[in-house]
Amino acid sequence: MTTPAHVAIIMDGNGRWAKARGLPRLAGHKAGVEALRQAVRTASDLGVSWLTVYAFSSENWSRPASEVSDLLGLLKLFIRRDLAELHRSGVKVHVIGERQSLQPDIRMLLDEAESLTAGNRSLNLVIAFNYGGRDEIVRAARKIAADVAAGRIDPAAVTEQTVSQALDTRGIPDPDLVIRTSGEMRLSNFLLWQAAYSELVFLPCLWPDFGAEHFEEALRQFRARERRFGGRAERDVISSSA
Ligand code: IPE
Ligand code: IPE
Ligand code: MG
């Protein structure tokens, strides 16, 4: 198996990383941004075409207000500081997640990141911000329901493709590989529809420690997997047709 075209990462463990060092959680989140910069470079170096990162979930609003504000601040800082560099290196930025209810300044920064880099052709970086898989599916269902109510779609004509096209990830291929750091083994509402047949790799390292060697280790595990998509293992198909 070759290099996955689309790698999605649940960047988890910033809080534990900080705690282990007796530092405030903000220090962990800052170190996490540095690990993200590194991951973007590594993805390009390894020939990955799409990198999706889970930056803030629709459930992360339930954290204490000070931490939420730190996380929003870091996103703004990341875009203000790194956008020019990302653009120079040909990265095309996409943002998924619910955007309407975000503060106008954040919305503008996200819009700007997408429009500035729209013509770029190297790595596609998808930032999942205020993103939740269930919320995304609910918003898609509303769009489709509105189209049905207006007579634009016949309910019998709704297909998997109709749903895919109504999601935030319209036009983005499904992830081949989902990596989660920090040892937690769950999806936490990430890409629920899109990850139907993704390979999942869980790494014990905390996100701020994630470097090129961890990225490579995840790709090694991915290559050792056999993807079947509900069909038959390749060797079975070759050895018998029964
Ligand atoms: C991931 O690190 C960053 C976000 C969820 C935004 P955490 O903050 O979840 O760190 P842990 O899981 O508490 O260690
Ligand atoms: C998932 O991590 C969200 C992000 C990495 C942005 P969480 O730390 O929020 O997930 P849970 O609460 O442990 O499931
Ligand atoms: Mg966490």
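Just so it is clear, none of the values below were taken in a lab; they were calculated from the coordinates. Note that this is a predicted model, so its numbers are computed, not measured. Methodologically, a virtual Cβ is constructed for each residue, glycine included, from the backbone with ideal geometry; neighbour enumeration extends over all protein chains shown.
When ranked by the protection proxy of mean other Cβ atoms within 10 Å per residue, highest first, what sequence do the peptides 94-107, 168-181, 196-209, 113-126 form? Let's see the in-between values first.
On the way: 94-107: 14.7, 168-181: 20.2, 196-209: 18.6, 113-126: 16.5.
The most tightly packed comes first, giving 168-181, 196-209, 113-126, 94-107.
Under 29 Å between C-alpha atoms is the cut-off here; go through the chain and count lysine pairs that meet it, provided they're at least eight residues apart or on different chains. Please report the intermediate quantities before stating the final value.
On the way: K19/K30; K19/K76; K30/K76; K30/K92; K76/K92; K92/K143.
Taking the chain as the scope, the lysine pair count is 6.
Quote to one decimal, in nm, the extra length available between E34 and T2 on full extension: 0.36 nm per residue of separation minus the C-alpha distance between them. Intermediate results must be reported in sequence, preceding the final value.
Working: separation 32, 0.36 × 32 = 11.52 nm, distance 2.76 nm.
The span from E34 to T2 would gain 8.8 nm if fully extended.
Treat every Asp and Glu Cβ in the chain as -1 and every Lys and Arg Cβ as +1, leave all other atoms uncharged, and give the resulting dipole magnitude about the Cα centre to the nearest 20 debye.
Result for the chain is approximately 220 debye, rounded to the nearest 20.
Could you check the simple spin-label distance between V158 and E217, using points 7 Å along Cα→Cβ, in nm with one decimal?
Modelled inter-label distance: 4.3 nm.
Do me a favour and compute the ellipsoid semi-axes for the chain from its Cα gyration tensor, root of five times each eigenvalue, largest one first, whole Å. Present the calculation step by step, with values, prior to reporting the outcome.
Numbers: eigenvalues 168, 131, 63 Å².
Semi-axes from the Cα gyration tensor: 29, 26, 18 Å.
So how far, in whole Å, is the C-alpha centre of segment 55-75 from the one of segment 192-238?
Rounded to whole Å, the Cα centres lie 29 Å apart.
As a test of the formula, what do you get for the chain when each DSSP H run with n ≥ 4 contributes -39,500 (n - 2.57) and the sum is divided by the residue count, at 222 nm and rounded to the nearest 500 deg cm²/dmol? Before the final figure, lay out each step's value.
On the way: 8 runs with 108 residues, N = 242.
Computed ellipticity for the chain at 222 nm equals -14500 deg cm²/dmol.
Find which of N124, I179, L77 sits farthest along the positive direction of the dipole of the chain, computed with +1 on the beta-carbon of Lys and Arg, -1 on that of Asp and Glu, about the Cα centre.
Farthest towards the positive end: L77.
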